[in-house]
Amino acid sequence: MKLADNKATLSFSNGSPSVEMPVYSGSIGPDVIDIRKLYAQTGMFTFDPGFMSTAACQSAITYIDGDKGELLYRGYPIEQLATQCDFLETCHLLLYGELPDAKGKEDFTKLVTMHTMVNEQMQFFLRGFRRDAHPMAVMTGLVGAMSAFYHDSTDITNPKHREIAAIRLIAKMPTLVAMAYKYSIGQPFIYPRNDLSYAANFMRMMFATPCEEYEPNDVLVRAMDRIFILHADHEQNASTSTVRVCGSSGTNPFAAIAAGVACLWGPAHGGANEACLNMLEDIQRNGGIDKIGDFIKQVKDKNSNVKLMGFGHRVYKNYDPRAKLMQETCKEVLAHLGVQNDPLLKLAVALEKIALEDEYFVSRKLYPNVDFYSGIVQRAIGIPVSLFTAIFALARTVGWIAQLNEMISDNDYKISRPRQLFVGSEKRDVKPLVQR
Ligand code: ACO
């Protein structure tokens, strides 16, 4: 970051001296006011619950222009990456800063592929869960447990450890998600097959059985790969910030990523794809397209607590570019499977059209986000709804680990320790029990 030409001056109406604060510019995007010395100079904190106006770090990984609806990974538009690269090339880009050349791609693919198996003991850990446990509960446990299985890559201050942990996490997440699924349906685990692509291997581990081989289908594999690319990173979102905060204490990388998995689970974040599909199925059950009007009325009623899931975003105040790509994939997959008349797709398209024209959504700049169509694609591929968020976690792992490594490599990084505006009781004395 570089100092901008101007400075910010904060003045007070009570006559306290005003303070000047430096302003920094990044390569693109809004400037930031550096308030790091504010407390020392004024004895005051800034107040920003939910981080509406706070840049918590400097980062060179992902850039979002929410007004334009633009998403760049290391400068490359998501539309170009989604149509010209595969997921492992995208991982290479996020982790190391550049797309690989042909040899680099081959080497990186080999490196990740060599790590796809998990320690055999891991399955006994998994077997401790109830079979009906939510996959995200299982994944939070499994990813956290990796620190107990891979002792040689838990020192976050050692760059070599960080690199091995990154590769292990990227390589083993598909194996773990597929194992969690197989366990939930009582089928034997399927070991990875390293001659397949990252996405095809994942789908085979999900859908093959020892009695029947699974032939990966090109269109569906491409769709899965695109889902991975679109979810790979997204700037300082809730789960990524969680990973950074957790990792800032110096904890091991697997524990920090497990914290990200836990955060992602919530319906306001990664859980929205599951919640969105459940919402579409509910509307379908209760009358389908004819009842959309009633549903939209409920959404607009402040007292109903009903949200149009898959709509709205903290940063995008325009169409989420990932939603457009996901809608394309959705149409391609359903056409390939011969289900152009899928009732949920029809419902989603109708819902989107109404919402995009309705004053409530227009005035609040609410547009479809990536989750609006991803559930329909995943359901068509055969992925159960409860697994959607685990697949999001699989894809986001590279972003989390790239952001964690970026933070640790930054000499200026400090433990994250926000302060507060205290509104509780002032100091008071404890009375003896009989007098309370
Ligand atoms: N349906 C109906 N109203 C909405 C929606 C929605 N999906 N999203 C926002 N609003 C309304 C709010 O009620 C609020 O209205 P008000 O100004 O009258 O009070 C206004 O739009 C602003 O919304 P906030 O909640 O203040 O926006 P915030 O940035 O805090 O929330 C969030 C963003 C959490 C994504 C929100 O839009 C939401 O809950 N969407 C549905 C869940 C979802 O799809 N999440 C996925 C996000 S993408 C991802 O994580 C991959």
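The values are calculated or read from the model by the stated rules, or taken from the named source; none is laboratory data. Just so you know, these numbers come straight off a predicted model, no measurement behind them. Every residue, glycine among them, receives a Cβ derived from its backbone with ideal geometry; neighbour counts consider all protein chains shown. With ligands, DNA and RNA removed, areas are computed over all heavy atoms of the protein, side chains included. Shrake-Rupley method; radii C 1.70, N 1.55, O 1.52, S 1.80 Å.
Holding the Cα-Cα limit at 30 Å, pick out from LYS302/LYS427; LYS291/LYS365; LYS105/LYS414 the pairs that are longer than that. Please list the in-between numbers first.
Numbers: LYS302/LYS427 39 Å; LYS291/LYS365 24 Å; LYS105/LYS414 34 Å.
Over 30 Å apart, Cα to Cα: LYS302/LYS427; LYS105/LYS414.
With a Förster radius of 60 Å, plug the Cβ-Cβ distance of CYS211 and ASN411 into 1/(1 + (r/R0)^6) and report the FRET value to the nearest 0.05.
After rounding, the FRET efficiency stands at 0.60.
If you bin the C-alpha pair distances of the chain every 10 Å from 0, what whole percents do you get?
In whole percents, the pair-distance histogram is 4, 19, 28, 25, 15, 6, 2, 0, 0.
Angle between the Cα long axis of helix 272-285 and the longest principal axis of the chain, 0 to 90 degrees, nearest 10?
Long axis of 272-285 versus the principal axis of the chain: about 60 degrees.
Are there trypsin sites (Lys or Arg not before Pro) in region 113-186 that DSSP marks as loop and that have at most 10 other Cβ atoms within 10 Å, and which are they?
ARG127, ARG130, ARG131
If you line up the long axis of helix 198-207 against the longest principal axis of the chain, both from Cα atoms, how many degrees apart are they, to the nearest 10?
60
What angle do you read, to the nearest 10 degrees and between 0 and 90, between the alpha-carbon axis of helix 102-113 and the longest principal axis of the chain?
The angle comes out at about 90 degrees.
Helix-only estimate, please: 222 nm mean residue ellipticity of the chain, summing -39500 (n - 2.57) across DSSP H runs of length 4 or more and dividing by its residues, to the nearest 500.
Calculated from helices alone, the mean residue ellipticity at 222 nm is -15500 deg cm²/dmol.
Between ALA40 and GLU163, with labels modelled 7 Å along Cα→Cβ, what's the label distance in nm to one decimal, could you check?
For the pair ALA40/GLU163, the computed spacing is 3.6 nm.
Whole number in Å², please: accessible area per residue of the chain, 1.4 Å probe, ligands, DNA and RNA not counted.
Values: 22210 Å² over 436 residues.
Value for the chain: 51 Å² per residue.
Would you mind telling me the share, in percent, of accessible area of the chain contributed by carbon and sulfur at probe 1.4 angstrom? Please list the in-between numbers first.
Numbers: 11680 of 22210 Å².
Result for the chain: 53 percent of the exposed heavy-atom area is carbon or sulfur.
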